[in-house]
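J.: Before I ask anything, here is the structure I am working with.
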Protein chains: 4
Amino acid sequence: MKLPVVYLPDIQANQPEIPLTLTRVGVTDVKKLVEVARRDKRPIVLVSTFDIFVDLPSDRKGANLSRNFEAIDEVLEEMIKAPVFEIEDLCGEVAKRLIHRHEYALNAEVRMKSEYIIKRETPATKIKCQEVVNIFAEARAIRGEELEIRKMVGAEVLGITACPCAQEIMRDKAKKELIALGVEKDVIRKFLSAVPMPTHNQRGRGIISIEVYDSHFVSLERIINIIENSMSSQMFELLKRSDEAAIVELAHKHPKFVEDCVRTMAQKIVMEFPELPDDSIITIKQINEESIHRHNAFAERKSTLGELRQEINSIC
Amino acid sequence: MKLPVVYLPDIQANQPEIPLTLTRVGVTDVKKLVEVARRDKRPIVLVSTFDIFVDLPSDRKGANLSRNFEAIDEVLEEMIKAPVFEIEDLCGEVAKRLIHRHEYALNAEVRMKSEYIIKRETPATKIKCQEVVNIFAEARAIRGEELEIRKMVGAEVLGITACPCAQEIMRDKAKKELIALGVEKDVIRKFLSAVPMPTHNQRGRGIISIEVYDSHFVSLERIINIIENSMSSQMFELLKRSDEAAIVELAHKHPKFVEDCVRTMAQKIVMEFPELPDDSIITIKQINEESIHRHNAFAERKSTLGELRQEINSIC
Amino acid sequence: MKLPVVYLPDIQANQPEIPLTLTRVGVTDVKKLVEVARRDKRPIVLVSTFDIFVDLPSDRKGANLSRNFEAIDEVLEEMIKAPVFEIEDLCGEVAKRLIHRHEYALNAEVRMKSEYIIKRETPATKIKCQEVVNIFAEARAIRGEELEIRKMVGAEVLGITACPCAQEIMRDKAKKELIALGVEKDVIRKFLSAVPMPTHNQRGRGIISIEVYDSHFVSLERIINIIENSMSSQMFELLKRSDEAAIVELAHKHPKFVEDCVRTMAQKIVMEFPELPDDSIITIKQINEESIHRHNAFAERKSTLGELRQEINSIC
Amino acid sequence: MKLPVVYLPDIQANQPEIPLTLTRVGVTDVKKLVEVARRDKRPIVLVSTFDIFVDLPSDRKGANLSRNFEAIDEVLEEMIKAPVFEIEDLCGEVAKRLIHRHEYALNAEVRMKSEYIIKRETPATKIKCQEVVNIFAEARAIRGEELEIRKMVGAEVLGITACPCAQEIMRDKAKKELIALGVEKDVIRKFLSAVPMPTHNQRGRGIISIEVYDSHFVSLERIINIIENSMSSQMFELLKRSDEAAIVELAHKHPKFVEDCVRTMAQKIVMEFPELPDDSIITIKQINEESIHRHNAFAERKSTLGELRQEINSIC
């Protein structure tokens, strides 16, 4: 039973008492089931959380927030028929529609985040297992002669980090112990290069985001791979005993500070995204949930890809 | 039993393999018991959570993170003897010490947040009750010929917001009903101006932060008061029946969109902080946990105080 | 490259130093992509979080936790080929495999939770929209002559609750106002029965769980429907102005305390699950995120279905 | 300005439409500033979160929830003048008042939780530092000829756990390497008993709660000490390099599964609480935030103190 169409007051279109421009008006924590057909991978279904904003001029009391839902539902509906998007393109498409539907807005902004399941293999026994990573994207549409779209895509992946500092001290201790027991220097050197010494190790959380203009493609798979390979070792949900030993040895042979993880990610980004323009904005973070402290260790690098390239290349 | 002082390798001071500058290196989620003696109020004891960062040059493998703890513990210790700080000054003081302790850093950044208990009185029965607000502060010290300090202080306070749009529709409905029942226009007008009609109402979350140079004082109490008085009504932990009715009536007589709350806060900031300079940075947010939706409504204004003043004054 | 099979010490099988029985040993916060083909609905894909436990006898140092993953992965794998499960049956199936794989365990316990998207229509404009509910299930397998399985399934759904107490006071106020304005008693009565008066209203959170023996089927769809229909009104992600007005009116015509919501759910469970046995365990909760307070209101009923039936039927 | 006392309808006292008994009615997430003067320690000020419930008979529509606040405020007020409570006694006192104020209730239940700062010293450099632990308490008052009170108190403390299984495999590897390098068996034995081999280690979370009748005293300090000393090592907020090395060595010389931590806590409880009666209810949990997995490892023992004593003593 559809209600008869009656006149309803549109309070939002009124003049506000205090005529002030607003930077962002919208809705947050909107959950949607999304199907994305990606360029370099199989399509995926995601439960995603969206934040959707437009700006508001000083002569309008409110934004018509239900239009945000119409814009996103329209895009999600069309995607089922012609699924040709990455998650950041989905955000871009919604941002475009928002600009059209909110005729008073100069900017529209769409953010989404989701959990995403990837398939991996355990290191020694080669058993298949599912791993969860967090992915996120943003897009901003700016009204002008031509509509300009900036978009961002990124991921957060967990891994293991082992501390180089405590390990060096433990290595010194092992060396002194072996010397005191009369073991030859050469044997000690060979032993300590084959068997890593203990240190504290913990869950690390690597985060990369890359922001570009609409026309560029940023592979989310490559971002995830870079984060996975920039800590002391990957982590896995399923590990048989031989896998566990392999992971412990690997992590202890590649001890890394939070700072090292960020620098490694930066270097890999420069190497693996040669096609992206210099004005791409790169944010790299590493958070280690220290096993010896209640607090976390943190490192961050934020700059343009051009600056990163210059610093990295000046090394070689 | 104190261990003998032995030589320990300082891995952090080494050259990193990838010599890249880092924007931020530090610790997050550090909890500390803090005693603050404030300019316009009684001293308070807070359990606070700190994030503490410095930047790192390209020729250093790591920051000595334990120095962050020494800096903060030193300041907290001294405060017990000479307690003369606001929370943003506490952050500023820690940031200063960080610049001294990390001789390689150009910037130091300290953020804190805490729950803070304020005393209020119920609106009708005037019973005393405790209310909890979230407070936060930041400071950034920038090394230069003279050390420059920017600091920020803010609060997040809960209140009630009632929707003007749904209320207007319900008011129309009541009017038509009364007309149909043969009640006179004048009586209807008087009735509807005395008794507010229903609408959806919900928990609102107002947030203000103000950033200034070191030498200025920003009253946190005034910030809290502004937020409390910019929604449809304050909320209270303890309400007897007559208080509850008073609150419901008050909220329904002052219906407000998220946009209205932000604009009201902006106007009050311009009026109540005449002493602050034009280059103060003001961030105002309102988040309504909509009772008719699972998602939240959101509005934000971010600008300099100078811009706010211009827009507000051009109205009058 | 598969590593050669080498002898690896099985520390878990050792005698523990302190030979004490443990109630639960296992893993928590395990995320898995799950496909469930349900009896009364289309199949669904869910990102689910699992907790998986067995008990441990006093003569074993540790449980082989990787077996928990093998059990769950095996079940998830088989489900793709022969998908015949509800979420609680999935938990039951995993619990059964755990009992077989952990030959030393007497009990196995599996819990899962997930977000689940349902389709709804807005009340006035009949637009289709997606709503998110939280669903959860548990199963416990108890080793004996025959393996006994208890299973539980439930949901948490958001809706609107409007307070009857504040509304009654506002109604009294409206009545007095109309009397003072000289309106006739009969007109007042008619007006107040047609137009509801204001009150505080908020997000409510209804929760039902039902625990039964393995052989019984509990419809999750029916549980969700009961919760949706036991508050003052459902909530929707998308509401045009006429929908919003309809929802506000509906909610204000059905004011409900937390207590009322729990009692309504209890009555509906008795009516809509006549086929379930008396020893089914019913837990019903309602949490209201009060718009006039920072805290929540809460009510709960926990009992067997037999007890509920007796209390409800003694009324009629 | 106090409003005139007017008649206000007490909807809560009405007959409900569905006359069903409710197990729990109340408020959750109530924050209060609490001052506790404890038997074995200096007084403390805490920001605490309370949940407060009574049961409700079938002939009452609602509980008068504002009375919960009056009860707690009254107790908190009196405590300032005569501060003689533990946190569980505070809960007990509030539960007693609830039974008096809700004349229709048979049970009252009060739960509180809080962060609590303790002072510790770093292991090597003996620097003082603040550590945060989570503490919690509950009390239930049961109306009868005499009012019966059960109370519970507990804590959650973070520490380090190092895995014995991976370490044993790494030890085997080190042994084989040393044999291959021609080192003598006796030297190898001495070296491996002096220097621990690597393994994965992580943040562990130990939890103990003890429930007794009103007349017994349970030392919260002793509970905290037991948890701290049942993992591979304590953790500290501030660690200089020599402290860090000491902690890493200590943790690796005491590798522990989740199961071991629970059993160690159980044994210590039996030893350190000889004065508590056999019917005390003991819950012990350990959660390890595995560094090699995204999920957590978990172990639990729940039983009476009498049962624990019997199992532990039958060992010796």
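J.: Roughly what angle does helix B:87-101 make with the longest principal axis of chain B, taking Cα atoms, 0 to 90 degrees, to the nearest 10?
T.: 20
J.: Still on this model: When N counts the residues of chain D, how does its alpha-carbon radius of gyration compare numerically with 2.2 N^0.38 Å, as a ratio?
T.: Values: Rg = 25.2 Å, N = 316, 2.2 N^0.38 = 19.6 Å.
Scaled against compact globular proteins, the figure is 1.28.
J.: For the pair B:Asp10 and D:Lys126, what calculated FRET efficiency results from E = 1/(1 + (r/R0)^6), where r is the Cβ-Cβ distance and R0 = 30 Å, to the nearest 0.05?
T.: Values: r = 21 Å, r/R0 = 0.69.
About 0.90, to the nearest 0.05.
J.: Evaluate peptide C:47-58: per residue, the Cβ atoms of other protein chains within 10 Å of its Cβ; return the mean as an integer. Working shown, then result.
T.: Numbers: counts 9, 0, 3, 1, 3, 2, 3, 0, 2, 5, 0, 4.
Partner Cβ neighbours, averaged per residue: 3.
J.: Here is a follow-up. What are the residues whose amide H is under 5 Å from the amide H of B:Lys31, where those residues sit 5 or more places off or on another chain and H is modelled from the backbone?
T.: Sorted by chain and number, the residues that satisfy this are B:Phe50.
J.: A further question on this structure: Taking N as the number of residues in the stretch A:207-316, what is its Cα Rg relative to 2.2 N^0.38 Å?
T.: On the way: Rg = 15.7 Å, N = 110, 2.2 N^0.38 = 13.1 Å.
It is 1.20.
J.: Follow-up. Choose one of B:Ile210, B:Ser242, B:Val262: the residue whose Cα lies farthest towards the positive end of the charge dipole of the stretch B:172-316 (beta-carbon charges +1 Lys, Arg; -1 Asp, Glu; about the Cα centre).
T.: B:Ser242
J.: Between A:Cys129 and residues 5 or more places away or on another chain, which pairs have amide H atoms under 5 Å apart, with H built 1.01 Å from N, and which residues are they?
T.: For A:Cys129, whose amide H was placed from the backbone, the distant partners under 5 Å are A:Arg120, A:Glu121, A:Thr122.
J.: With θ set to phi - 60° and the Karplus curve 6.51 cos²θ - 1.76 cosθ + 1.60, what are the ³J(HN,Hα) couplings of the stretch B:264-280 in order, to the nearest whole Hz, using x for Gly and Pro?
T.: Working through the residues one at a time gives 5, 4, 4, 4, 5, 4, 4, 6, 9, 10, x, 7, 7, x, 4, 8, 5 Hz.
J.: Further question: With a cut-off of at most 10 other beta carbons within 10 Å, and DSSP calling the residue loop, which GluC sites (Glu not before Pro) in the stretch C:245-316 qualify? Please list them.
T.: On the way: sites: C:Glu249, C:Glu259, C:Glu272, C:Glu275, C:Glu289, C:Glu290, C:Glu300, C:Glu307, C:Glu311; in loops: C:Glu275, C:Glu289, C:Glu290.
Those that pass, being in a loop and sparsely packed, are C:Glu275.
J.: Distance in nm between label sites at C:Glu35 and A:Asn134, each 7 Å beyond Cα in the beta-carbon direction?
T.: My value for the distance between the label points is 2.9 nm.
J.: Same structure again: Counting partner chain Cβ atoms within 10 Å of every residue's Cβ in D:124-133, what's the average? Please report the intermediate quantities before stating the final value.
T.: Working: counts 6, 4, 3, 4, 2, 3, 8, 3, 8, 1.
Averaged over the peptide's residues, the number is 4.
J.: Loop-only GluC sites (Glu not before Pro) in the stretch D:28-132, please: DSSP not H, G, I, E or B, and at most 16 other Cβ atoms within 10 Å.
T.: On the way: sites: D:Glu35, D:Glu70, D:Glu74, D:Glu77, D:Glu78, D:Glu86, D:Glu88, D:Glu93, D:Glu103, D:Glu109, D:Glu115, D:Glu121, D:Glu131; in loops: D:Glu86, D:Glu103.
Here the GluC sites (Glu not before Pro) that fit, given the DSSP loop and packing criteria, are D:Glu103.
J.: Another question about this same structure. Enter the Cα centre distance for the pair the stretch A:227-306 and the stretch C:265-316, rounded to the nearest angstrom.
T.: Cα centroid to Cα centroid, the span is 50 Å.
J.: Relative to the longest principal axis of chain A, what angle (0 to 90°, nearest 10) does the C-alpha long axis of helix A:185-194 take?
T.: 30
J.: Turning to a different aspect of this structure: Give me the one-decimal nm value for the distance between modelled label points at A:Asn229 and A:Leu192, 7 Å along each residue's Cα-to-Cβ direction.
T.: Between A:Asn229 and A:Leu192, the label points sit 3.1 nm apart.
J.: Taking the Cα atoms of the stretch C:169-269 alone, what are Rg (to one decimal) and Dmax (as a whole number) in Å?
T.: Radius of gyration, then largest Cα-Cα span, for the stretch C:169-269: 18.6, 66 Å.
J.: Where in the stretch D:249-264 is the amide nitrogen less than 18 Å from a point lying 7 Å along the Cα-to-Cβ axis of D:Ser314?
T.: Counting backbone N atoms under 18 Å from the label point, the list is D:263-264.
J.: For C:Ser215 and D:Asp278, what does the FRET efficiency come to when R0 = 35 Å and r is the distance between their Cβ atoms, rounded to the nearest 0.05? Write down the numbers at each step before the final one.
T.: On the way: r = 39 Å, r/R0 = 1.12.
Efficiency, from the Cβ-Cβ distance: 0.35.
J.: When Rg is the radius of gyration of the Cα atoms in the stretch A:108-191 and Rh is its Kirkwood radius, what does Rg/Rh come to? Please report the intermediate quantities before stating the final value.
T.: Working: Rg = 25.3 Å, Rh = 18.5 Å.
My calculation of the ratio gives 1.37.
J.: Rounding to the nearest 20 debye, state how big the charge dipole of the protein assembly as shown is about its Cα centre with +1 on each Lys and Arg Cβ and -1 on each Asp and Glu Cβ.
T.: Working: 184 positive and 204 negative charges, 0 e Å.
That gives a dipole near 0 debye.
J.: Something else about it: Give me the dipole magnitude in Debye, nearest 20, for the stretch D:101-193 about the Cα centre, with unit charges on the beta carbon: positive for Lys and Arg, negative for Asp and Glu.
T.: About 460 debye.
J.: Can you tell me the 0 to 90 degree angle between the C-alpha axis of helix B:241-253 and the longest principal axis of chain B, rounded to 10?
T.: Between helix and principal axis, roughly 90 degrees.
J.: Mind checking the stretch A:69-170 for chymotrypsin sites (Phe, Trp or Tyr not before Pro) that DSSP puts in a loop (not H, G, I, E or B) and that have at most 15 other Cβ atoms within 10 Å? Present the calculation step by step, with values, prior to reporting the outcome.
T.: Values: sites: A:Phe69, A:Phe85, A:Tyr104, A:Tyr116, A:Phe136; in loops: A:Phe85, A:Tyr104.
Sparse-neighbourhood loop chymotrypsin sites (Phe, Trp or Tyr not before Pro): A:Tyr104.
J.: Taking a cut-off of 40 Å, what percent of all Cα-Cα pairs in the protein assembly as shown are separated by more than that?
T.: Values: 428920 of 798216 pairs.
Of all Cα-Cα pairs in the protein assembly as shown, 54 percent lie more than 40 Å apart.
J.: Please work out the Cα center distance from the stretch C:119-178 to the stretch A:118-167, rounded to the nearest Å.
T.: After rounding, the separation between the Cα centres reads 35 Å.
J.: Per-residue mean of other chain beta-carbon atoms within 10 angstrom of the beta-carbon, peptide D:65-72? Let's see the in-between values first.
T.: On the way: counts 10, 11, 1, 2, 10, 3, 0, 2.
The per-residue average across the peptide is 5.
J.: Let me ask something additional. Output the Kirkwood hydrodynamic radius of the stretch D:1-156, Cα pairs only, in Å rounded to one decimal. Mind dumping the intermediate values first?
T.: Working: mean 1/r = 0.0574 Å⁻¹.
For the stretch D:1-156, inverting the mean 1/r across all distinct Cα pairs yields 17.4 Å.
J.: Still on this structure: Output the relative contact order of chain C, whole-number percent, from Cα pairs under 8 angstrom with separation of 6+ residues.
T.: Numbers: 627 pairs, mean separation 43.1, N = 316.
Over chain C, the number comes to 14 percent.
Bear in mind that the values in this text are calculations on the coordinates, not laboratory data. All values derive from a computational prediction rather than experimental measurement. We place every Cβ from the backbone using ideal geometry, glycine too, and count neighbours over all the protein chains shown.
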